[in-house]
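Since the structure comes first, as structure tokens, the remarks are kept for the end.
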Amino acid sequence: MKLLLWLLIVAAVVKWVLRAKKATLRSGPAHAEPSASRTGSRELEMMLQCAHCGVYFPASEAVGNAAGPVFCSEQHRLQHAAR
Ligand SMILES: [Zn+2]
């Protein structure tokens, strides 16, 4: 019975360690991305939403005229016009 208890404790510790490792791995690159090294002109650029798929993209990559709806790609502009 004591052995079973120890097995449970060891399993719990291993689970906890693995979870902690996973958490540090996940937070590592994701945490580093919005750091000071990336704060260039791109972050200040206005973001637009594609009228077809709803994805956000930089204004410089917009397809379509300024007055009408904007699209993330030429393909979506054509697909939206075809509807
Ligand atoms: Zn789109």
Picked from the stretch 50-66 (must be touching a residue at least 12 places away in the same chain (Cβ under 8 Å) and near the ligand (Cβ under 10 Å from one of its atoms)), the residue farthest from the chain's Cα centre (by Cα) is Val63
Hey, among Ala12, Ala81, which residue is in a helix (DSSP H, G or I), modelled with pLDDT under 90 and within 16 Å of the ligand (Cβ to nearest atom)? Ala81
The stretch 67-78 - residue that is more than 8 Å from the ligand (Cβ to nearest atom) and open to solvent by less than 90 Å² (accessible area, probe 1.4 Å) and, of those, nearest to Glu45 (Cα to Cα): Val70
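The values are calculated or read from the model by the stated rules, or taken from the named source; none is laboratory data. As the structure is a prediction and not an experimental result, all values here were calculated from the model. When we count neighbours, we look across all protein chains shown, and the Cβ atoms used for this are built from the backbone with ideal geometry, even at glycine. Quick note on the areas: whole protein, heavy atoms, side chains included, nothing else; ligands and nucleic acids left out. Shrake-Rupley method; radii C 1.70, N 1.55, O 1.52, S 1.80 Å.
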